[in-house]
Structures are given as C-alpha cells and as structure tokens.
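S.K.: Got a structure for you, questions after.
The values are calculated or read from the model by the stated rules, or taken from the named source; none is laboratory data. Computed from a predicted structure; not experimentally measured. Here the Cβ positions follow ideal geometry from the backbone for every residue, glycine too, while neighbour counts run over all protein chains shown.
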Amino acid sequence: AQALTAAPAPTPLTAVGTDRVPFHGAHQAGIAQRAQAVGQLAAFDLRPAGRSRRALAALLRRWTAAAAAMAEGRPPSDDDQVALDAGPSRLTVTFGLGRSLFARVDGLGDRLPAALAPIPAFGQDQLDPARSDGDLFVQIGADDPNVAWHALRTVQRLARGTAAVRWQMSGFNRAPGAATVDRTPRNLMGQVDGTGNPASLGKVWVPRSSGDQAWMRGGSYAVVRRIRMLLDDWDELDGGRQEAVIGRRRSTGAPLSAPAHAPERTPMDLAATGSDGLPAIAANAHIRLAAPQSNGGATLLRRTFSFHDGYDPDGAPDAGLLFVAWQADPRTGFVPVQRRLDRGDALSVFVRHVSSALFAVPPGCAPGEYVGQPLLEA
Ligand SMILES: C=CC1=C(C)c2cc3[nH]c(cc4nc(cc5[nH]c(cc1n2)c(C)c5CCC(=O)O)C(CCC(=O)O)=C4C)c(C)c3C=C
Ligand SMILES: [Fe+2]
C-alpha cells in the first residue's frame, strides 16, 4: 500500500473542475442549466444599516462582482483562498429578492411585482417561519463541494454589516460522471426525478413585453420549499404501491401507461387503462395531478437538490428534497399545482412541507452591471 505521506499522484483537472457556466447573460445563471452535484441555498435579512437603496445597491454590486469572478475560476477580491486550487466546477450564484425587502428599503414600495404575492397556506403545510421567507436569496450550485462552500462563505462575508443569514440549507445531486446509464438523477425515495420538466423554458422567464414591473422582464420567480420525506413510512409500501403513488416505474422512470421496458421519456397517457380496466396512472398518482394538462397548462421547471441533516431521536432521517421551482408567475405556476397536490396527491402522506419562500429573481446582467440594477437605479 502507498504510504499516506507520499505525494499524491498528479491527477489532471478533469471536466468536472474545468466546466464553467457564464455568469453574464440575458438570464441569471443557475436556472436553465441542469442542477449541479452540490447546492447551497441561503436567505439573508437586511440589517438596519442595509435598509437603504444605496446600501442594497452596494451589496448587490459586491455580490455580482464576486459571483462573476468565481464563475470564471478567478478569486473574488479579498479572497479567503478556500477554492484557490479548484476550477470553476460549473459554479452558479443566483440572486433573488423577497417580498419583505420591498417594505424595508425606502422607495421600493411601488416596485413590488404583483407576482410576489404571498404563497397561500396549504392544508398540509407544517412550515417553520425561521426557515422560511427572507429579504434576499442566494442559490449556489457547483459540481465540487469546496467550490460551493467557498461561494457561500464569500457572499456571507461580503454581506457583513449589511445583511445577515436568515436560513441556510445544503443539498446534493448525483455527481457528473457517476451514472452508468443515461437517465435523469434519482431522489432519496429512489425515484427518477425530473423527467417531466418542460422541454422549453418559455413559461420560466417573465416575458419581455408584459409584467407590471419592467425591471423583472427576463427574470423568473423561485419557489423554494424544504420538503421532508417520511422515508420510514415510505419503506413500508411494496414496490408496486410505491410506483402507483408516483405513476412511474422505479427502475426506468417510464410512465405506468407505457409497456414494461419502455424508455424513461415515453409520453404519459392519462387515458390508458390496465388489464383490470382501471387507469394505468391512478386517479391520485403524483404525475397525473401535477401535470400541466391537469392544471390548465400550469408549468414549472423543477431544479431540486436532495438534503440530509441527521436523524430524529426516533431514528428517522431528516432528509428530503430542497424543491426549487422556477416560473414566470407563481400565481399561475406553483400555486395551482400545489393546491391540487395538497388536496389529493397519493404522495402527500409520505412528505411534509417544512419551509417555504418565494423570490423575484431579476434578469441577468452584462459585464460592468450588477444584478438588480434596473430596480435600484432606473
Ligand atoms: C407543486 C409542485 C410539486 C411538488 C411540491 C412536488 C413534490 C415532489 N415530487 C416528487 C417526486 C416526483 N415528482 C415528479 C413529477 C412532477 N412533480 C411535479 C410537481 C411537484 N412535485 C411536476 C409538475 C411533475 C411533472 C409532471 C409531468 O408533467 O410529468 C416525479 C416523476 C418524474 C418527473 O417528471 O420528474 C417524481 C418522482 C417528490 C419526491 C416530491 C416531494 C418530496
Ligand atoms: Fe413532483
């Protein structure tokens, strides 16, 4: 065996480290790109010293400059060097604004978008206010854990004196190169999760020609829900019942309306029946109730991370989904879909929504500009 003191074999920086996502553009990075292996979500509340347009603009300018540098694999100014030897690793840092911010910062009251209306309470919610909402949102994704943590630490350091962390959550996904087959990654229930995401992002971006607030055009709205999975209860179901709850096969992710060995992306047929004459995709199956065709066309881009934060005293894992859903308007996206799921989804007895937040995510910016500039300066 090689002695631990021996110099490590020189491994070349692979595509995992060198891959990058451009920070600048029409839309912020971290929405259209497939989710990275590591996610860090954080909400900040403005401190009294940060509750002016000037202080907020300065913070967003600092955050933008640091995020743009790190996305290229360059250190931000006054760097702590935590990620000095790493490549950009597909780092994205995405910034959002919560409803409470518009009441706290002078002169922003009349700039509150109608789409930032509070998410209504749902019957099965068990939300913790301390882990919900927030003035500012930062979503970080990277294919390397050190790179993601470095970005989180950097935005938090740059906020000192202006804004303080309100809540923070860490998540993960399959690492690039880890799959043996070409298939959408699995969640912690073992399901292929993400297959039904929209092929086009037309309903994700606020249209250029509409919306009550011009500064949000080209932006999007993020609904963030920490959804715990009741995994010990789930384990009690046999495989067939687990598949019926979702409406898709566990092995391939194909819909239950398709033949046994159909590929993952076979379209679902909600009218199909089995040999018993019953619907192949049950009336209360998750995909039937969540699908756009069951919700007047309501469409979401789900870009989620799994989480696991230890165990309860009874041994149950505190694990589940950091559910991040993107849409042009949550009132016609997340809200009607969740209303339907809350009332009738077979999955709902195996999950628990424990936190909720909604953020307006402004469009992207060009070099020299900062995210949110049209809100604060136009
Ligand atoms: C309000 C929206 C949704 C919540 C909350 C939600 C929670 C949730 N979902 C899964 C697992 C799966 N979801 C799947 C599909 C799916 N889910 C939603 C919406 C919400 N899910 C939509 C819009 C869809 C797509 C429906 C379609 O048109 O096909 C699937 C199937 C595979 C896939 O399409 O991704 C799984 C599996 C969990 C575990 C969960 C909460 C913890
Ligand atoms: Fe779902």
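S.K.: Just to be sure, is residue 149 farther than 18 Å from residue 28 by Cβ, modelled with pLDDT of 95 or more and away from ligand 1 (no atom under 16 Å from the Cβ)?
M.R.: Spelling it out, residue 149 is indeed farther than 18 Å from residue 28 by Cβ, modelled with pLDDT of 95 or more and away from ligand 1 (no atom under 16 Å from the Cβ).
S.K.: Only one residue in 142, 68, 103 is crowded, with 17+ Cβ neighbours inside 10 Å, in contact with a helix residue (DSSP H, G or I) (Cβ under 8 Å, 6 or more places away or on another chain) and small (Gly, Ala, Ser), so which one is that?
M.R.: The unique qualifying residue is 142.
S.K.: Of all residues in the stretch 189-226, count the ones that are crowded, with 18+ Cβ neighbours inside 10 Å and touching a Leu at 6+ places or on another chain (Cβ under 9 Å).
M.R.: Counting residues in the stretch 189-226 that are crowded, with 18+ Cβ neighbours inside 10 Å and touching a Leu at 6+ places or on another chain (Cβ under 9 Å) gives 14.
S.K.: Quick check on residue 121: is it under 25 Å from residue 334 (Cα atoms), small (Gly, Ala, Ser), without any contact (Cβ under 8 Å) to a residue 40 or more places away in the chain and not in a helix (DSSP H, G or I)?
M.R.: On the way: under 25 Å from residue 334 (Cα atoms): yes; small (Gly, Ala, Ser): yes; without any contact (Cβ under 8 Å) to a residue 40 or more places away in the chain: yes; not in a helix (DSSP H, G or I): yes.
Yes, satisfied.
S.K.: In this structure, does residue 163 turn out to be at pLDDT 95 or above, more than 25 Å from residue 36 (Cβ to Cβ) and crowded, with 17+ Cβ neighbours inside 10 Å?
M.R.: On the way: at pLDDT 95 or above: yes; more than 25 Å from residue 36 (Cβ to Cβ): no; crowded, with 17+ Cβ neighbours inside 10 Å: yes.
When the stated conditions are applied, residue 163 does not pass them.
S.K.: With 321, 347, 358, 376 as the choices, which residue is crowded, with 19+ Cβ neighbours inside 10 Å and away from ligand 1 (no atom under 13 Å from the Cβ)?
M.R.: Being crowded, with 19+ Cβ neighbours inside 10 Å and away from ligand 1 (no atom under 13 Å from the Cβ) holds for just one of 321, 347, 358, 376, which is 376.
S.K.: Just to be sure I understand, how many residues within the stretch 113-139 are crowded, with 21+ Cβ neighbours inside 10 Å and aromatic (Phe, Trp, Tyr)?
M.R.: Of the residues in the stretch 113-139, 1 are crowded, with 21+ Cβ neighbours inside 10 Å and aromatic (Phe, Trp, Tyr).
S.K.: Further, regarding this structure: Here are the criteria: (1) of a type in the set (Val, Ile, Thr); (2) part of a strand (DSSP E or B); (3) modelled with pLDDT under 95. Tell me which single one residue 227 does not satisfy.
M.R.: Residue 227 satisfies every listed condition except (3).
S.K.: Report, by residue number, each residue of the stretch 323-363 that is under 18 Å from the mean Cα position of the chain (by Cα), over 26 Å from residue 200 (Cβ atoms) and within 14 Å of ligand 2 (Cβ to nearest atom).
M.R.: Within the stretch 323-363, 351, 353 qualify.
S.K.: How many residues does the stretch 169-196 contain that are of a type in the set (D, E, K, R) and away from ligand 2 (no atom under 16 Å from the Cβ)?
M.R.: 3
S.K.: List pairs: first in the stretch 326-342 and in contact (Cβ under 8 Å) with a residue 40 or more places away in the chain, second hydroxyl-bearing (Ser, Thr, Tyr), Cβ under 6 Å, 6+ apart or cross-chain?
M.R.: Pairs that qualify, where the first residue is in contact (Cβ under 8 Å) with a residue 40 or more places away in the chain and the partner is hydroxyl-bearing (Ser, Thr, Tyr), are 326/220; 327/221; 330/221.
S.K.: Right, here's the next one. Mind checking whether some residue in the stretch 289-307 is at negative phi and away from ligand 1 (no atom under 13 Å from the Cβ)?
M.R.: no
S.K.: Further question on the same structure: Go through the stretch 316-352 residue by residue and tally those that are outside any strand (DSSP E or B) and of a type in the set (A, V, I, L, M, F, W, C).
M.R.: Here the count works out to 10.
S.K.: Further question on the same structure: What are the residues in the stretch 179-217 that are touching a residue at least 24 places away in the same chain (Cβ under 8 Å) and over 23 Å from residue 334 (Cβ atoms), if any?
M.R.: Within the stretch 179-217, 183, 190, 214 meet the criteria.
S.K.: Does the stretch 73-88 contain at least one residue that is buried (at least 22 other Cβ atoms within 10 Å of the Cβ) and touching a residue at least 60 places away in the same chain (Cβ under 8 Å)?
M.R.: yes
S.K.: Let me ask something else about it. Could you run through the stretch 300-313 and say how many residues are in contact (Cβ under 8 Å) with a residue 24 or more places away in the chain, of a type in the set (Ser, Thr, Tyr) and either within 13 Å of ligand 2 (Cβ to nearest atom) or farther than 21 Å from residue 32 by Cα (or both)?
M.R.: Looking only at that region, the number is 1.
S.K.: Given the options 262, 244, name the one that is away from ligand 2 (no atom under 16 Å from the Cβ) and at negative phi.
M.R.: That would be 262, the only listed residue that is away from ligand 2 (no atom under 16 Å from the Cβ) and at negative phi.
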